[in-house]
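Engineer: What follows is a single structure, and I will ask about it in a moment.
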Amino acid sequence: MMDIHQILRQLPHRYPILLVDRVLALDKGKSIKALKNVTINEPFFAGHFPHRPVMPGVLMLEAMAQAAALLAFDTLGVVPDDKTVYYFAGIDGARFKRPVEPGDQLVMDVTLERMKSGVFKFKGTSRVGDQVACEAELMCTMRTIA
C-alpha cells in the first residue's frame, strides 16, 4: 500500500498530470496494483468531449506508466531525485476496450516482464470494475539530466 503522500515523494508529476491516487498492492520486482479516481473535475474533460466526457487513451497509458515507475523505483530500491527523469521508451500493443468516464475508478495492474540495460518492459492492464479499459506493453527507462 502507498498513499498519495508517499506517491508524491516518489513521482515528480503534479496536478494535472499526476494520474495515480493510491497503490493498492506492490510485489517488489514483480507487480503493482494502483488506482486512479476519475472525476468530472479533470481538466481534459472540458475538451474531450464536452458532450460526452471520456478520459483520453494516452492518459490511460500515462497512468499505467506512472504505476510502472513506482514499481521500478521500488524494485531498484531508489527514490528519484531532481536529476532523474523516467521516460517512455516504447508502447506496443495498446488496445482500448472501454471508455473511461467521470465517476469511474481506473484500477491498473502492471507487471514487470524484464529489466535489461536500464530499460524496463512492463505489461499493463487497466480495468473499470471487471471490464478491461486499456492494455499495453510499456517500455520505460531512467535517465540522469544535467
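The values are calculated or read from the model by the stated rules, or taken from the named source; none is laboratory data. Please read these numbers as outputs of a predicted model, since none were measured by experiment. Note that we place each Cβ from the backbone using ideal geometry, even for glycine, and neighbour counts take in every protein chain shown.
Engineer: Residues to consider are 97, 83, 36; find the one that is over 23 Å from residue 144 (Cα atoms), touching a residue at least 24 places away in the same chain (Cβ under 8 Å) and touching a Ser or Thr at 6+ places or on another chain (Cβ under 9 Å).
Structural biologist: Step by step, each of 97, 83, 36 is checked, and only 36 is over 23 Å from residue 144 (Cα atoms), touching a residue at least 24 places away in the same chain (Cβ under 8 Å) and touching a Ser or Thr at 6+ places or on another chain (Cβ under 9 Å).
Engineer: State which residue is surrounded by the fewest Cβ atoms within 10 Å (Cβ to Cβ) when the search covers only region 127-144 and only residues that are among the β-branched types (Val, Ile, Thr) and under 15 Å from residue 95 (Cα atoms).
Structural biologist: 132
Engineer: Another one. Search region 51-63 for residues that are farther than 12 Å from residue 133 by Cα and pair each with any residue that is polar (S, T, N, Q) and surrounded by 15 or more Cβ atoms within 10 Å (Cβ to Cβ) when their beta-carbon atoms are under 8 Å apart and the residues are at least 6 apart or on different chains.
Structural biologist: Listed by first residue and then by second, the contacts come to 63/126.
Engineer: Now for a different question. Would you mind finding the one in 124, 118, 77 that is surrounded by 12 or more Cβ atoms within 10 Å (Cβ to Cβ), under 21 Å from residue 11 (Cα atoms), out of contact with any Phe, Trp or Tyr (no Cβ under 6 Å at 6 or more places or on another chain) and not acidic (Asp, Glu)?
Structural biologist: 124 is the lone residue from the list that is surrounded by 12 or more Cβ atoms within 10 Å (Cβ to Cβ), under 21 Å from residue 11 (Cα atoms), out of contact with any Phe, Trp or Tyr (no Cβ under 6 Å at 6 or more places or on another chain) and not acidic (Asp, Glu).
Engineer: Now, a different point. Taking the condition of being at pLDDT 95 or above, out of contact with any strand residue (DSSP E or B) (no Cβ under 7 Å at 6 or more places or on another chain) and under 24 Å from residue 27 (Cβ atoms), how many residues in region 74-115 meet it?
Structural biologist: Total satisfying the criteria: 1.
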